[in-house]
Amino acid sequence: MEDCIFCKVVSGEIESNIIYEDDKVVAFEDINPQAPVHYLVIPKKHIPTLLEIKEEDQKLIGHIYRVISKLAKKEGIAEDGFRVVSNCNEAGGQTVYHIHYHLLGGRNLQWPPG
């Protein structure tokens, strides 16, 4: 998708502080962090919203959660706890239409989140 900011991160057109990358996903620091640890984990495949995830994407989504687990352990937030957030559509708070998962930790996270 030529107008997708996250596709541009994946392609290297837009510079970001990438903390993890493999053949399926990229993880990078959020530019507006809401916690001491705030990373975005995105698939390299463009999927606009959670509603467009297809059956053939099941392994990809599972892989994303495994990467999130590795990152949480690496950053030292796994034991105390962390939050994973994925917004869907406008009322759900989605601003970039390329699925992404926020990994937040390093402080006590309140509920409800807002």
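The values are calculated or read from the model by the stated rules, or taken from the named source; none is laboratory data. Because the structure is predicted, anything quoted here is derived from the model rather than measured. Here the Cβ is made from the backbone with ideal geometry for all residues, glycine too, and neighbour counts use every protein chain on show. Note: accessible area is taken over every heavy atom of the protein model, side chains too, but ligands, DNA and RNA are not part of it. Shrake-Rupley method; radii C 1.70, N 1.55, O 1.52, S 1.80 Å.
What to note about this one:
- Label point 7 Å beyond Cα of Gln34 along Cβ direction - residues of the stretch 90-105 with amide nitrogen under 13 Å: 92-96, 101-105
- For the chain, the fraction of 1.4 Å probe accessible surface lying on carbon and sulfur atoms is 50 percent.
- Probe 1.4 Å - accessible area at Glu55, Å² to nearest ten: 150 Å²
- Angle between the chain longest axis and helix 58-74 axis [Cα atoms, degrees, rounded to 10]: 30 degrees
- Förster-model FRET efficiency, 30 Å R0, Val84 and Leu51, C-beta, rounded to 0.05: 0.95
- Note: the chain, Cα convex hull, 111 Å³ per residue.
- The mean of 1/r over all pairs of different alpha-carbon atoms in the stretch 61-103, once inverted, gives a Kirkwood hydrodynamic radius of 11.4 Å.
- The residues of the chain expose on average 63 square angstrom of accessible surface per residue, using a 1.4 Å probe on protein heavy atoms.
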